[in-house]
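So the structure is just underneath, and the comments pick up after that.
The values are calculated or read from the model by the stated rules, or taken from the named source; none is laboratory data. No experiment lies behind these values; they were computed from the predicted model shown. Don't worry about glycine lacking a Cβ; one is built from the backbone with ideal geometry, like all the others, and counts go over all protein chains shown. Ligands, DNA and RNA are stripped out before the accessible areas are found, and what is left, the full protein with its side chains, is counted by its heavy atoms. Shrake-Rupley method; radii C 1.70, N 1.55, O 1.52, S 1.80 Å.
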Amino acid sequence: MTRLRNSGLDFSVATLNFLANVGIVLPYVLILFKYQQTHNVNYLAAIVVFYVARAASVFWTKHLNLKASSYLLICLWLGAFGSLLFSLTANIVAVLVGALCLGYTSANIWPYYLTIKLHLSAQTDFKLKKFYWLIFLVLGILFVLDFALNWGYRLAFILLALLFIVALPAGRLLSQFSLAFYDQHEMAQARPIKPWRVVVFIVFFAAIGLLTLLRKASLQIALPAVLGIIVVAIILLNLELAADWQAMPANKLRIVDRGFLLSFVLLFNSFFGVFVFGKMGMYLVFAIYLLGFETGRPLYLLLGRHDLHRATTIARGGLIIGHLLVAMAQPVLYVAGLLLISLYVGFENPAINTSVYATEVDDPDLAIIHKYRFSTYGGLLCQLCFFGLLVIVSSFRQLNLLNFFNPASTALKNTYLVGMVWPLTAISLIVTLVTLYGQYYFKRAQSND
């Protein structure tokens, strides 16, 4: 009986690990596939609500003064409830509520899961067993089979809900394991909510919701008005960023740059990749990013002969060269450029996690949340710049906005290359150079002190 109970807990922890790793993208993919299958406008609305909820949730979490372990359990319950709603009905109210639940879970399940793992690593010798990753693979295969054999996405949502429920015992187990950590660390009080920030928050994410809808449907809105919305959104985003600037003692620029680079590769170039590689461009860009992200750290450490300073120098050089290669948009050079940028993100990510967690002394529960908050700032800034450039290009060339997102041919490649790739790559490179200079200046100031 004890052995059976232990095996059940192992399976539960493996499931939680799986959901934490894929939770940010899997629900979105399922809702998107459901919309593509049915063309039901309710699912289109759900996509927009999910996207906005996912982007917004990381800004408005940790206001209930709960532990990270409690928030993780909330994510699991909301994930199960939201998935069940999508599996049972297409009613507009139900799917919007489900999208809100899944959006919050997608934004927060990984940050809180990683926070608890870091807590346990600091107090115990907790490590994931290889068995956990085997379950990750098996569950991934089940989802692939569902898509490939066309069993219906209702079954996929039921399976997703069951996975969230199966992960609940693991969430409770990790909560119990982390009690020793909380006995030694006093939690900071929840921050008061400022009315002006609530207003800015609502207006900003209303604008983001409208811009997201414009990517999915052809609405009759004058392009100058859309550009005005983007400008206002950029101003509001910078107000939010300035208000949060003191929330983290260090690493802010690195994390904003990380978010910008992620959106640059995964959002912008996943669409532009279609103009370079054809219909499979989006999948190829994602595969390049995944390869770079997973291999960046070991590869650069190997090239740097396990000297961190040398490896960092090589990675930064590769990042700058990567921007220049992407701007050429020639298939081989384009692949190399995206890979170099992705390798840098993969190299930096573990160092950022460790540094952020180590410098957050007031409330370690907030360390990873702050990381994802500033990363989201960078990602949203990239998206707004991207959409602003698209509006300008579309206005000058009298093009429909959706031509970029659903290209019928690659004939407009040079138009988007000059009007979007070059300017956005230049902006990304400027953000990167400012970040690298900021890091150098910060370290130099520390050494002088």
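Annotations for the structure displayed:
- Cα convex hull volume per residue for the range 318-361 (Å³): 54
- For the range 318-326, 3J(HN,Hα) computed residue by residue from phi via the Karplus equation (6.51, -1.76, 1.60; θ = phi - 60°) reads x, 5, 5, 4, x, 4, 5, 5, 4 Hz, glycine and proline entered as x.
- Heavy-atom accessible area, probed at 1.4 angstrom with all protein chains present, ranks HIS306, HIS119 as HIS306, HIS119, highest first.
- Gyration tensor (alpha-carbon) shape descriptor, the range 297-449, a/c threshold 1.5: prolate
- Overall form of the range 206-277 per C-alpha gyration tensor (a/c, 1.5; a/b vs b/c): oblate
- Summed residue charge, Cβ within 13 Å of TYR377's Cβ, Lys/Arg positive, Asp/Glu negative: +2
- Sorting ILE109, ILE427 by solvent-accessible area of protein heavy atoms yields ILE427, ILE109, largest first, with a 1.4 Å probe.
- Of the peptides 155-163, 81-89, the ranking by mean beta-carbon count within 10 Å, highest at the top, reads 81-89, 155-163.
- Projected onto its three principal axes, the C-alpha set of the range 158-296 covers 56, 41, 36 Å, listed from the longest axis down.
- Gyration tensor (alpha-carbon) shape descriptor, the range 329-405, a/c threshold 1.5: oblate
- Whole-Å distance, taken between Cα centres, linking the range 17-61 and the range 359-424: 18
- Expressed as a whole percent, the accessible area of the range 297-449 that falls on carbon and sulfur atoms is 65 (1.4 Å probe).
- As a rough guide to protection, the peptides 15-27, 393-405 ranked by mean Cβ packing within 10 Å, highest first, stand as 15-27, 393-405.
- Solvent-accessible area per residue in the range 308-434 equals 38 Å², computed with a 1.4 angstrom probe and all protein chains kept.
- Structure note, pairs LYS34/LYS67; LYS67/LYS252; LYS34/LYS279; LYS117/LYS279: Cα-Cα distances above 31 angstrom occur for LYS34/LYS67; LYS117/LYS279.
- Shown are THR435, THR295, THR312, whose ranking by accessible area with a 1.4 Å probe and every protein chain present, most to least, is THR295, THR312, THR435.
- Summarising the label geometry, the points placed 7 Å from Cα in the beta-carbon direction at LEU308 and VAL332 lie 3.8 nm from one another.
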